[in-house]
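A short write-up of the structure that comes next.
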Amino acid sequence: MRKYDITTVDAYIAAAPPESRETLEALRDLVTSTCPRASEGISWGVPFYRQDGFLAGYSAFKAHALFGLTFRLTDDDRKRLEEKGYGTGLKTVKIKYGQKLPTAILREMLKRQAKANADKVKTKAKTGKMAK
């Protein structure tokens, strides 16, 4: 569900289908507790988080939520998620409504991205250039 007229995460969740709200709130709590310095907002019509760069976002669909990361899932992440019944894309995890969040795996991935973002900021500060 992309809503370009919505400007806050609270409004996005309130406008989402009722069956999606518990999952969306759980994803929100997961991101904000894992990365408490992350800024929360709406980008590209969906809830999105930044911490020293792009971090993650999520969106509601008819029967599932899609959790999107700003980096590619590793083969190990993908294997662990798929073994637990989650769909995966290049940078996404598909979570059916009513399905328990893969909290431990998502936390690991968020921490990995937050560290990579922080490392880029440190490298840029040292060299005056953005690391590739």
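Residue-wise test of (1) acidic (Asp, Glu); (2) assigned to a strand (DSSP E or B); (3) over 15 Å from LEU106 (Cβ atoms).
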residue	(1), (2), (3)
ASP29	yes, no, no
SER33	no, no, no
TYR58	no, yes, no
ARG78	no, no, no
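Say whether the condition of being under 24 Å from LYS115 (Cα atoms) and part of a strand (DSSP E or B) is met by at least one residue in the range 85-92.
There is at least one residue in the range 85-92 that is under 24 Å from LYS115 (Cα atoms) and part of a strand (DSSP E or B).
Residue-wise test of (1) basic (Lys, Arg); (2) buried (at least 20 other Cβ atoms within 10 Å of the Cβ); (3) closer than 16 Å to ARG112 by Cβ.
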| position | (1), (2), (3) |
| --- | --- |
| GLU25 | no, no, no |
| ASP29 | no, no, no |
| THR32 | no, no, no |
| ARG37 | yes, no, yes |
| ILE42 | no, no, no |
| PHE71 | no, no, yes |
| ARG78 | yes, no, yes |
| GLU82 | no, no, no |
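Looking at (1) more than 23 Å from LYS120 (Cβ to Cβ); (2) in a helix (DSSP H, G or I), which is the only condition LEU101 fails?
LEU101 satisfies every listed condition except (2).
Read the figures in this text as sums done on the coordinates, not as results from a lab. Because the structure is predicted, anything quoted here is derived from the model rather than measured. We place every Cβ from the backbone using ideal geometry, glycine too, and count neighbours over all the protein chains shown.
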